[in-house]
Amino acid sequence: MKIDRIVATGGLPQRNQLLMQIYADVMNQPIIISESEYAPAIGAAILAAVATKHYNTVPEAIAKMAPPLEKVIEPSKDAATYQQLYGLYTALHDYFGYQNPDYMKTLKALRSN
C-alpha cells in the first residue's frame, strides 16, 4: 500500500508537540495534525453520511465534512540519527534473533538468577 501522507488525529497531537516531532523524525515524513480533537468521530460520521446516501461518495463527504488541518510537523535534523538507530536495531535483531538465538535465551536465564 502506498502511503501519500500521515495525518495525526485525536487530542494527543494537539497536546504533545514532542511526541509528534519524534514520530516525524522516526518516520522521516511530515506529520499533518488535524485541527479537531474529534477527527476519529468525524470520520465515523463521514462514513455514516455516505451509508445513508447524504453524500454519494466518501471523497465528497470528506470535502464537505472533514475538519481543516492545523499544522504540519516536518522531520528535523534528528531524523538521520533515528535512521541510523533503526539500522542498528535491525542488525541486532537479526543477529540475536536469527543468527544466534541462544544468546537471548542465555540472557533471559541470567536475568532470572
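The values are calculated or read from the model by the stated rules, or taken from the named source; none is laboratory data. In this text, all values refer to a predicted model and were calculated from it rather than measured experimentally. No Cβ is skipped: glycine too gets one built from the backbone with ideal geometry, and neighbour counts run over all protein chains shown. Protein only, heavy atoms only, side chains kept; ligands, DNA and RNA dropped before computing areas. Shrake-Rupley method; radii C 1.70, N 1.55, O 1.52, S 1.80 Å.
Please enumerate the residues belonging to the range 49-83 that are assigned to a helix (DSSP H, G or I) and of a type in the set (Gly, Ala, Ser).
If the condition is that a residue be assigned to a helix (DSSP H, G or I) and of a type in the set (Gly, Ala, Ser), then 49, 51, 61, 63, 79, 80 are the ones that fit.
For a quick check of your reading of the model, give me the residue pairs whose first member lies in the range 82-111 and is aliphatic (A, V, I, L, M), whose second is open to solvent by less than 80 Å² (accessible area, probe 1.4 Å) and in a helix (DSSP H, G or I), with beta-carbon atoms closer than 7 Å and at least 6 apart or on different chains.
That search, which allows pairs on different chains as well, returns 104/96.
Can you tell me which residue is least open to solvent (accessible area, probe 1.4 Å) among those in the range 59-113 that are closer than 30 Å to residue 30 by Cβ and β-branched (Val, Ile, Thr)?
73
The conditions are (1) closer than 17 Å to residue 72 by Cβ; (2) open to solvent by 80 Å² or more (accessible area, probe 1.4 Å), and residue 39 fails exactly one of them. Which is it?
Failed condition: (2).
Can you tell me how many residues in the range 1-27 are loosely packed, with under 12 Cβ neighbours inside 10 Å and modelled with pLDDT of 95 or more?
Residues that pass the stated criteria total 1.
Please go through the range 42-58 and give me each residue that is open to solvent by less than 50 Å² (accessible area, probe 1.4 Å), β-branched (Val, Ile, Thr) and in contact (Cβ under 8 Å) with a residue 12 or more places away in the chain, ordered by number.
Correct list: 42, 46.
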